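K.L.:
Here it is, the structure in full.
Nothing in this text is a laboratory measurement; each read-out follows from the coordinates by a stated rule. Since this is a predicted model, take the numbers as computed values, not measurements. Glycine gets a Cβ as well: all are built from the backbone with ideal geometry, and neighbour counts include every protein chain shown.
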Amino acid sequence: MKKNINQKSQRVYDTYLVSLIKENFLKNHLALYKRCITDITPPCYPTTNDFSIKGRGESYLTSVIDHPYAREEGVRSLLAMLSCNDENYVILDVFGGNAYIARLAKLLNYKGTIITNDISSYMVEITIKDKYPTTWQSADNLHCIRYKSLNGILFAYGAHHLPINRRIDAYKEAYRVLKKNGKFVLHDFSNESSMVKYFKNVVDQFSSTGHNFTHFDETETKNLLTGIGFKNIRSMKIRDDFVFHAKNQNQVLGKCAEYVYYMYCLEKIGDINDPKTKTLILNSVREILGLRVKIFNDQYQCKLNREALVITGNK
Ligand SMILES: C[S@@+](CC[C@H](N)C(=O)[O-])C[C@H]1O[C@@H](n2cnc3c(N)ncnc32)[C@H](O)[C@@H]1O
């Protein structure tokens, strides 16, 4: 009986969110809708996850809203790989969260059009509120997107959340929705990277949601992409540091500690308002990733080292 009620309320909610997504497209992005969208229906996978309100969704939003430029370096590199001169160049940001990349792209005057996708209904609702073009799908089933309708497809800052046995279907979906010569860009961290060590030794231990995911093997991923039919496959390492600025050293280190705390919801370390928690976070970062503080343009700049793996290919 309880199951039936839950199923019914889930259906009511799904219908509501689908209507919001459609209405946003029809009112604000009609040409994009006609070009890229088949029909809007709910995903066939669970739509609550670590990024839901009961997970670390709110905490994650705090970090990205308070520090829109913290990942500017990495995002600039990714957007440069999806370069274009006009708004007709359409990309799908598949693990898009609250449209962090689309929001930053706007601040950076990126000219292309970004559709933000996510599986989490919570993230989708947030993105829609600000009228960004939004879809609600799982990376391995882009059922709302038309065949051969996109110029670019981005898997960034989240591809490791897709279980390893479902990744091949996600690459196939990326291939399906790209136009001929369209660009696929995958950004994550290699299994051997210090960031993955940080996820394992710190985030998985102290985050409210844990962080036990398999990241990426460069050769294996390139082989999978080749098998699907992608050409010009290249892999590279890019700098993807978290970067902060402030008037003094204490403030800039405080910003860095808070960002890491909220991004990964490290509440098991302690209360972020307690200076001891900030020190523990900064120590963990220094030990595994490395931190650099210097004076830059009359301000203190703090960089937390991250090196991401990027693999690209064309259809
Ligand atoms: C770390 S967040 C990154 C969000 C955003 N790209 C950013 O840079 O801030 C990862 C996102 O991937 C989403 N996600 C997880 N599994 C997914 C799947 N199978 N399909 C689509 N999105 C998924 C999560 O809901 C979450 O919003």
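K.L.:
At R0 = 51 Å, how high is the FRET efficiency between residue 6 and residue 292 if r is their beta carbon distance? Nearest 0.05 is fine. Intermediate results must be reported in sequence, preceding the final value.
P.N.:
Values: r = 50 Å, r/R0 = 0.98.
Efficiency at R0 = 51 Å is approximately 0.55.
K.L.:
Share of antiparallel DSSP beta bridges in the chain, in percent to the nearest 5?
P.N.:
On the way: 26 of 42 bridges.
Beta bridges within the chain, antiparallel portion: roughly 60 percent.
K.L.:
Report the Cα-based extents of segment 95-227 along its three principal axes, largest first, to the nearest Å.
P.N.:
That gives 39, 37, 27 Å along the principal axes, largest extent first.
K.L.:
A further question on this structure: Quick one: Debye curve from the C-alpha atoms of segment 1-93, no solvent, what's log10 I(q)/I(0) at q = 0.10, 0.12, 0.13, 0.23 Å⁻¹?
P.N.:
One equal scatterer on each Cα of segment 1-93 leads to -0.46, -0.65, -0.76, -1.20.
K.L.:
May I pose another question? Rank 12, 203, 177 by mean-square fluctuation in a GNM of the chain with C-alpha springs under 10 angstrom and give only the top-ranked residue.
P.N.:
Looking only at 12, 203, 177, the largest GNM fluctuation is found for 12.
K.L.:
Now for a different question. For the chain, modelled as a Gaussian network with Cα springs under 10 Å, which listed residue fluctuates most, 117, 250, 191?
P.N.:
Largest GNM mean-square fluctuation: 250.
K.L.:
Starting from the Cα of residue 218, step 7 Å along the direction of its Cβ; do the same at residue 45; then give the gap between the two resulting points in nm.
P.N.:
Computed distance between label sites residue 218 and residue 45 equals 2.6 nm.
K.L.:
Continuing with the same structure: Which of the peptides 119-128, 272-281 is most tightly packed, and how do the rest follow, judged by the mean count of other Cβ atoms within 10 Å per residue? List each step's numbers first, then the result.
P.N.:
Numbers: 119-128: 23.5, 272-281: 15.4.
In decreasing order of mean packing, 119-128, 272-281 become 119-128, 272-281.
K.L.:
If I take R0 = 35 Å and measure r between the Cβ atoms of residue 169 and residue 73 in this structure, what FRET efficiency does the formula 1/(1 + (r/R0)^6) give, to the nearest 0.05? Could you put the intermediate results ahead of the total?
P.N.:
On the way: r = 31 Å, r/R0 = 0.89.
Rounded to the nearest 0.05, the efficiency is 0.65.
K.L.:
Taking 0.36 nm per intervening residue step and subtracting the Cα-Cα distance, what contour gain separates residue 299 from residue 274 on full extension? Please list the in-between numbers first.
P.N.:
Details: separation 25, 0.36 × 25 = 9.00 nm, distance 2.51 nm.
Stretched fully, the residue 299-residue 274 segment lengthens by 6.5 nm.
K.L.:
Now, a different point. Once you put a point 7 Å from the Cα of residue 236 and another 7 Å from the Cα of residue 208, both along the Cβ direction, what distance in nm separates them?
P.N.:
Placing both labels 7 Å along Cα→Cβ, they lie 3.8 nm apart.
K.L.:
On to the next question. Please list, ordered by chain and number, the residues whose modelled amide H lies under 5 Å from the amide H of residue 95; skip anything fewer than 5 residues away on the same chain.
P.N.:
When sequence neighbours closer than 5 places are left aside, the close amide H contacts are 156.
K.L.:
Contact order normalised by length for the chain, with contacts defined as Cα pairs under 8 Å and 6 or more residues apart; what percent is it?
P.N.:
On the way: 577 pairs, mean separation 61.0, N = 315.
It comes to 19 percent, rounded to a whole number.
K.L.:
Once label points are set 7 Å from the Cα along Cα→Cβ at both residue 28 and residue 83, what is their separation, rounded to one decimal in nm?
P.N.:
Result: 3.0 nm between the two label points.
K.L.:
Continuing with the same structure: Identify all aspartates and glutamates with a Cα-Cα distance to residue 255 below 19 Å; exclude those on the same chain that are fewer than 8 residues away in sequence.
P.N.:
Filter leaves 58, 66, 72, 73, 240, 241, 267, 271, 274, 287, 298.
K.L.:
Using only the C-alpha atoms of the chain, find the volume of their convex hull and express it per residue in Å³. Show your work: numbers first, answer last.
P.N.:
Values: hull volume 43.3 nm³, N = 315.
That works out to 137 Å³ per residue.
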